[in-house]
Amino acid sequence: MRVLISTIIRNRGTHVPHWCDQLISLTKHNPDIKFYLSLFENDSEDNTKQVLHLVEKKFLIPFELVKFTSLNLGWPYFGSIKAEERVRYLAEARNKTLEQMDEAYGLEHFDKVVCVEPDIIYNPKEISSLLYSDLDIASGYSVLPPGYGVADWIYDSWATRVKATDTEYHGPKVSELPDLLPLASTFNCFCSYNAKPFAEGLRFSGRNPDTDQWDCDTTNICSLFANSGYDKIGMYKIPVTHQPF
């Protein structure tokens, strides 16, 4: 199996070393998989660019190929808010990770595309099962550390939707999650995609194809997958902790 790891990053310098170490651990737990890494960084104002260059060489052995683009584009910075301009930029950044690897190999080279956010904590051995899922889109569930946010609730509640007509998460509490929850949309910071739809031309977008309105970029790609017949989408009972600043 060939797995493309896609990460977009901005102003996350303090998280880069752990992001790097977790990915390397993920490769060690899956020696039969060939891993590729496509990273896009833009406009960081902290030490992200410098730290990325320091850890870049660590990926040369466990990864078949690393594509790393760092640009200053003058894009505005957004926190975790719902905003049309934000999702448009996020979609463009995610697509850049696909396009630069498409130029190198062609996306048909890959079996899975896995989006991994830079500021999360997960168990590499446990989360490896997402790489082998037969779903078209498979994620774990994301939470904030104790003491942050709403306890017993999904962190990525905007992108996690039980029904396509939902606008946010209206499913079970974290403590009541089944082993696999079928969904219309998921992301949750570590998300594995069937690579074939991307090879066929699907891309992230700031607009929801069902409503023709701006919406969460990672929800919109789920809708595009489903509308193209790739509608097996679900969230496994595998925890992913999103780290606050």
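The values are calculated or read from the model by the stated rules, or taken from the named source; none is laboratory data. Just so you know, these numbers come straight off a predicted model, no measurement behind them. A quick note on method: Cβ atoms are made from the backbone with ideal geometry, for glycine too, and the neighbour counts reach across all protein chains shown.
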> What do you reckon, is Arg88 assigned to a helix (DSSP H, G or I), surrounded by fewer than 18 Cβ atoms within 10 Å (Cβ to Cβ), touching a residue at least 60 places away in the same chain (Cβ under 8 Å) and not β-branched (Val, Ile, Thr)?
Replying inline: yes
>> Checking the condition small (Gly, Ala, Ser), under 17 Å from the mean Cα position of the chain (by Cα) and within 28 Å of Leu202 (Cβ to Cβ), which residue from Ser38, Ser70 passes?
In response: Ser38
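Rundown of residues vs (1) charged (D, E, K, R); (2) touching a strand residue (DSSP E or B) at 6+ places or on another chain (Cβ under 7 Å); (3) surrounded by 15 or more Cβ atoms within 10 Å (Cβ to Cβ), yes/no style:
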residue: Gly149; (1), (2), (3): no, no, no
residue: Thr160; (1), (2), (3): no, yes, yes
residue: Arg207; (1), (2), (3): yes, yes, yes
residue: Cys216; (1), (2), (3): no, no, yes
residue: Cys222; (1), (2), (3): no, yes, yes
residue: Ser228; (1), (2), (3): no, no, yes
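Is it the case that some residue within the stretch 130-142 is modelled with pLDDT of 95 or more and more than 30 Å from Glu200 (Cα to Cα)?
no
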> Based on what the data block shows, is Thr211 among the hydroxyl-bearing types (Ser, Thr, Tyr), part of a loop (DSSP other than H, G, I, E, B) and under 21 Å from Arg88 (Cα atoms)?
Replying inline: yes
>> Can you pull out every residue in the stretch 178-205 that is touching a residue at least 60 places away in the same chain (Cβ under 8 Å) and either part of a strand (DSSP E or B) or surrounded by fewer than 17 Cβ atoms within 10 Å (Cβ to Cβ) (or both)?
In response: Phe190, Cys191, Ser192, Tyr193, Asn194, Ala199, Arg203
> Within the stretch 45-102, how many residues are in contact with a Pro (Cβ under 9 Å, 6 or more places away or on another chain) and among the aromatic types (Phe, Trp, Tyr)?
Replying inline: 1
> Out of all the residues in the stretch 217-234, is one or more over 24 Å from Glu92 (Cα atoms) and in contact (Cβ under 8 Å) with a residue 24 or more places away in the chain?
Replying inline: yes
